[in-house]
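Below is one structure, written out as structure tokens; the observations come after it.
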Amino acid sequence: MEWIIPEFPNYKINEEGTVFSKRKGYREYKNGPWITKENWKPIKPVLDKGIGYYVVTLINYDDEGNRIKKNQFIHRLLGRAFLPNPENKAHINHIDGNKTNNHLSNLEWATEQENTQHAVATGLMTFEHSEKPVLQMTENYEVLAEFRSAREATDVTGIAFQNISKVVRGIRPRAGGFRWKYK
């Protein structure tokens, strides 16, 4: 089964994730009249090393003849073409966490929240950067308390996270009347 990509009608994708480009037709003589045939050629996708997804570049022209060139992710094309989306979710999730595994059985529609929760649950996304221990100190730099993170310090003290964060980054001297620093 194949699906013509609506915004780029000279391209189609099949269930295996192969994208084809429509080339100019050719004529063939078969012991009688000439027959015009379509010629579809597969496009090799490129792995975007920055984000880890396979992508193809598709080209079309607007009504004025201006060239429209757009990168399309293979997994998103597959989802639009072959996966029902009755809840109108906006993201495609790779169930096994492997961004290069674009098999249809490995793809599902998800909300942004569901996609993020899946990434955290499978260990693909962590929040270690926000889990730096933070020290709460007096004006004379005597340690009053140690917190697992600035978020925990906010939960315990009620001092705004943004203000604690600005102090530990050296943007302001105090938050809530206290000095703060990363341990």
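The values are calculated or read from the model by the stated rules, or taken from the named source; none is laboratory data. Note that the coordinates shown come from a computational prediction; the quantities given were computed from them, not determined experimentally. In this analysis, Cβ positions are derived from the backbone assuming ideal geometry, glycine residues included, and neighbour counts consider all displayed protein chains. Accessible surface areas use protein heavy atoms only, side chains included; no ligands, DNA or RNA. Shrake-Rupley method; radii C 1.70, N 1.55, O 1.52, S 1.80 Å.
A few points about this structure:
- Residue match in region 96-117 (condition: closer than 30 Å to Val46 by Cβ, of a type in the set (Gly, Ala, Ser) and open to solvent by 80 Å² or more (accessible area, probe 1.4 Å)): yes
- Lone unmet requirement of (1) open to solvent by 80 Å² or more (accessible area, probe 1.4 Å); (2) modelled with pLDDT of 95 or more for Gln136: (1)
- In region 1-18, the residues that are touching a residue at least 60 places away in the same chain (Cβ under 8 Å) form Cβ pairs under 6 Å with partners that are in a loop (DSSP other than H, G, I, E, B) and among the polar types (S, T, N, Q), at six or more places apart or across chains, as follows: Gly17/Asn102.
- Residue check for Asn101: out of contact with any helix residue (DSSP H, G or I) (no Cβ under 8 Å at 6 or more places or on another chain), at pLDDT 95 or above, of a type outside the set (A, V, I, L, M, F, W, C) and at positive phi: no
- All of Ile59, Ile92 fail the test of being part of a strand (DSSP E or B), open to solvent by less than 40 Å² (accessible area, probe 1.4 Å) and at negative phi, apart from Ile92.
- Taken over region 6-18, the criterion of being touching a Phe, Trp or Tyr at 6+ places or on another chain (Cβ under 7 Å) and surrounded by 19 or more Cβ atoms within 10 Å (Cβ to Cβ) is satisfied by Tyr11, Ile13.
- Condition met for Val156 (of a type in the set (A, V, I, L, M, F, W, C), without any contact (Cβ under 8 Å) to a residue 24 or more places away in the chain and in contact with a Phe, Trp or Tyr (Cβ under 6 Å, 6 or more places away or on another chain)): no
- Inter-residue pairs, beta-carbon under 7 Å, first modelled with pLDDT of 90 or more and in region 57-76, second of a type in the set (Lys, Arg) and exposed (fewer than 11 other Cβ atoms within 10 Å of the Cβ), 6+ apart: Thr57/Lys69; Ile59/Arg67; Ile59/Lys69; Tyr61/Arg67
- Selected residue [within 16 Å of the chain's Cα centre (by Cα) and assigned to a helix (DSSP H, G or I)] from Gln117, Gln162: Gln117
- Residue check: Phe20 meets all listed conditions (1) closer than 28 Å to Glu114 by Cα; (2) modelled with pLDDT of 95 or more; (3) in contact with a strand residue (DSSP E or B) (Cβ under 6 Å, 6 or more places away or on another chain) but one, namely (1).
- Screening Ala81 on (1) over 17 Å from Ile5 (Cα atoms); (2) surrounded by 11 or more Cβ atoms within 10 Å (Cβ to Cβ); (3) of a type in the set (Gly, Ala, Ser) shows it passes everything except condition (1).
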